[in-house]
1. Across the stretch 98-108, in residue order, what do the Karplus-derived ³J(HN,Hα) couplings come to in whole Hz, using 6.51 cos²θ - 1.76 cosθ + 1.60 with θ = phi - 60° and x for Gly and Pro?
2. What Kirkwood radius, in Å to one decimal, follows from the Cα pairs of the chain?
3. List the residues whose amide H sits under 5 Å from the amide H of TYR35, counting only those 5 or more places along or on another chain, with H placed 1.01 Å from N in the peptide plane.
4. Of all chymotrypsin sites (Phe, Trp or Tyr not before Pro) in the stretch 14-92, which ones are in loop regions per DSSP and have a Cβ with at most 10 other Cβ atoms within 10 Å?
5. Show me, for the stretch 21-28, the HN-Hα J-couplings you get by feeding each phi into the Karplus relation (A = 6.51, B = -1.76, C = 1.60, θ = phi - 60°), rounded to Hz, glycine and proline as x.
6. Work through the residues other than GLN94 whose Cβ is under 14 Å from its Cβ and net out their charges, Lys, Arg +1 and Asp, Glu -1.
7. What is the sum of charges around ASP54, taking Lys and Arg as +1, Asp and Glu as -1, for the other residues whose C-beta is under 12 Å from the C-beta of ASP54?
8. Once you list every other residue whose beta carbon is under 12 Å from the beta carbon of ILE74, what net charge do they have if Lys and Arg are +1 and Asp and Glu are -1?
Amino acid sequence: MSGYSENVSFVEDVSSGVTTTLHFQGDALIVQKTYDAEPYLKAAAEERAATAGDKWGDGRKVFTLPPAEYGRFITETSGKGNEFRKTWLRTWAQQNPLLVGFEKYLKR
């Protein structure tokens with residue numbers, strides 16, 4: 001037992017927009033990572049409004065993958081092949097429809 005009776009937290013703000021908070025609770029260390037999704041949600045809503053009724057085209061941006069999620073994408077798909085990466089991205093977009101900027105992408 002460490003002998004400390006207070007819980008302590010340290011916050012480290014990283015330039016990618018991900019905030020890491022270390023919580024020391026008794027003898028346990030809890031790592032919490034968060035990011036502010038509001039700017040991404042707002043941009044996606046604006047993109048959906050701007051592309052409403054548009055048709056598919058080459059090079060169309062369909063969603064935004066925030067930096068924190070990109071890190072998870074790299075970790076989880078490393079060495080797994082292109083088809084796995086495409087499936088991962090599609091599943092992610094379906095699970096996060098508010099970050100999709102081209103609504104027809106969800107209906108494919």
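Here, each number is a calculation from the coordinates, and none is a lab measurement. Predicted, not measured: the structure shown is a model, and the values here were computed from it. Using ideal geometry, Cβ is built from the backbone for each residue, glycine included, and neighbour counts are taken over all protein chains shown.
1. 6, 9, 8, x, 10, 4, 4, 4, 6, 9, 6
2. Across the chain, the inverse of the average 1/r is 16.5 Å.
3. Placed amide hydrogens put THR19 under 5 Å from TYR35.
4. Sites meeting the loop and neighbour criteria: TRP56.
5. 10, 9, 10, 9, 10, x, 8, 9
6. That works out to +3.
7. Surrounding charge for ASP54 is +3.
8. +1
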